[in-house]
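Reading through the structure tokens given below for one structure.
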Amino acid sequence: MYVLLIAILFLISCVGFVLFLRKKTDHPSDENQVATLLRYMPEGYIGLDAHGVIREVNETYLTMTGYKKSDLIGKSLDILFSPTRKETLVSQLKTVEMQKSVLMETEHRCKGGAFLPFEVSVTSLGEKSPAFMCFYRDISLRKQSELSQKYYTDLLRYVIEHTKSAIAIHDKDLNYLYVSQKYLDEYGLKDAASIIGRHHYEVLPDLPQKWRDVHKRALAGEVVSAEDDPYVRADGNVEYTRWECRPWYSQEGAIGGIIIYTEMITKQKNIENELREAKNYLEALLTHANAPIVVWDAAFTITLANQSFASMFEQHVNEVLGKKLTEYAKHIPEEFRIDLFRQLDENLEITSSELAMLQKDGSIKTYLWNASPIFNPTSGELVATIAQGQDITQRKQIEQENAQQLAQLKRWYAVMTHREDRIMELKREVNALLKKEGTPIRYAAVEESPNA
């Protein structure tokens, strides 16, 4: 409206000036005043003959473009146009001649070669061989503003189109203005060009009534959102979304439309359900396992344990959770305890470590322990350590009994071996005496032995 008002005022001034010039034929004495007015008027002026040749130019135009008067007088206006210009000067002058007065935008080449944008009012004078009066107003600032606005509009469109979130911007009539590629992908839409300018409900006709109510609330100024919202499609499939719908405001402060941020979280929901099922399964497995299992964090605080572990210390599992692992170190003999924590410090794990643990009744139970660290897959930081033990007390007792029996057998074997050697020695002594007396030997087998 502001630009249109300026254009109307500019046109009125030009028409008034034309009427003033027409009166100069009735008042020849005013020609000097007209020349002075043309010279110093704030708009640039070029006077053309019927063929588009420059016959007059004022100082304002020369100042704006850097030319001298001698550079332009007698030259065709074509020398100021870009070679890529589509319309010819003749066709433009014909249009002005038919309409008598035309307001349009153009650009002229300045003395230095750059092009300057103008808003020009061209008026035709005369009938058979008309002359043309051209009044130029520099609109470079306005053009820069338009280019800047276009740049930021294009930048906004680029940012929205390539954001990782599904975003759609609608006007107050719910027609699409901008849309992101993620939005197109998640709703199975072809491309932005196919929906821009179309009504939201035309593009997605199966939207439930609750969404239409949300749009009304947002257009009334409310911000509405949901974190985990099921969305049933026409084919019966259920999608889960995280969304927010909020109004956007015009420069005057009125609601201009709504912005819808949508994140399809169906895959995340499926993963969450799978993880929940796996967690429940593992918890049930851990809880009912006969072997003691314990989990502690980087600060050696017990975060998870089963009753089998707690029963080792005659406690309930709830009494164990939250305590430090070091509180139970007193049940381990010092030499084993030192080696255990050394392994945890150096390797963050325990491999087949046998620990003899003192019970409250004074007895000793032996456990075989294995422990493994759990790291954050993103940062590599130690999250927790999980350990599992196996009661091998009976096995150790059997091993000790077997070892004792083996030792006893070795002792009996040694005794028997020594006795056999002594008998062989005595038989050889008898044979030696018989030989000495000249009688036959009694124990021939001894004599044939390789050890004889």
For this session: Pick out, from Leu38, Tyr136, Ile73, the residue whose Cα sits farthest towards the positive end of the charge dipole of the chain, with +1 on the Cβ of Lys and Arg and -1 on the Cβ of Asp and Glu.
Result: Ile73
For this session: Under a cut-off of 29 Å between alpha-carbon atoms, report the lysines in cross-link reach of Lys164, not counting same-chain residues fewer than 8 places apart.
Result: Lys150, Lys172, Lys182, Lys190, Lys210, Lys216, Lys267, Lys269
Exercise. When the Cα centres of region 301-315 and region 120-146 are compared, how far apart do they sit, in Å?
Worked result: 93 Å
Exercise. Calculated from the structure, volume of the Cα convex hull per residue in Å³ equals which of (i) 397; (ii) 145; (iii) 153?
Worked result: (i)
For this session: With only Lys, Arg, Asp and Glu charged, each at its Cβ (+1 for the first two, -1 for the last two), find how big the charge dipole of region 300-449 is about the Cα centre; round to the nearest 20 debye.
Result: 680 debye
Exercise. When the helix-only estimate is applied to the chain (DSSP H runs of n ≥ 4, each -39,500 (n - 2.57), divided by the residue count), what is the mean residue ellipticity at 222 nm, nearest 500 deg cm²/dmol?
Worked result: -13500 deg cm²/dmol
Problem set entry | All-pairs alpha carbon distance profile, region 392-452, 5 Å steps from 0, percent | 4, 16, 15, 13, 10, 8, 8, 7, 6, 6, 4, 3, 1, 0
For this session: Taking the Cα centre of the chain as origin, work out the dipole magnitude from +1 charges on Lys and Arg Cβ and -1 charges on Asp and Glu Cβ, in debye rounded to 20.
Result: 1000 debye
Problem set entry | Per residue value of the accessible surface for the chain (all protein chains in place, 1.4 Å probe), Å² | 63 Å²
Seminar exercise, completed: On the accessible surface of region 140-196, probed at 1.4 Å with all protein chains in place, carbon and sulfur together account for a percent value of 55 percent
For this session: Measure out, as a whole number of angstrom, how far apart the alpha-carbon centroids of region 198-262 and region 361-417 sit.
Result: 64 Å
Exercise. What percent does the relative contact order of the chain come to when contacts are Cα pairs within less than 8 Å and at least six residues apart?
Worked result: 6 percent
Problem set entry | Pairwise Cα inverse-distance average, inverted: Kirkwood Rh of region 199-295 (Å) | 16.7 Å
Seminar exercise, completed: So the carbon and sulfur contribution to the accessible area of region 345-399, 1.4 Å probe, in percent, is 49 percent
Exercise. Lysines within cross-link reach of Lys427: Cα-Cα under 24 Å, excluding same-chain residues under 8 positions apart?
Worked result: Lys435, Lys436
Seminar exercise, completed: With a 28 Å threshold on alpha-carbon distance, the violating pairs from Lys324/Lys360; Lys279/Lys396; Lys323/Lys365 are Lys279/Lys396
Exercise. By average Cβ neighbour count within 10 Å, what is the ranking of 415-421, 385-391 from highest down?
Worked result: 385-391, 415-421
Problem set entry | Candidate aspartates and glutamates for bridging to Lys143, where Cα separation is under 13 Å - those fewer than 8 sequence places away on the same chain excluded | Glu105, Glu107, Glu119
For this session: Using a Förster distance of 60 angstrom, determine the FRET efficiency expected from the C-beta separation of Lys172 and Glu354, and round it to 0.05.
Result: 0.20
Problem set entry | Angle between the chain longest axis and helix 89-99 axis [Cα atoms, degrees, rounded to 10] | 60 degrees
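The values are calculated or read from the model by the stated rules, or taken from the named source; none is laboratory data. Because the structure is predicted, anything quoted here is derived from the model rather than measured. Don't worry about glycine lacking a Cβ; one is built from the backbone with ideal geometry, like all the others, and counts go over all protein chains shown. Protein only, heavy atoms only, side chains kept; ligands, DNA and RNA dropped before computing areas. Shrake-Rupley method; radii C 1.70, N 1.55, O 1.52, S 1.80 Å.
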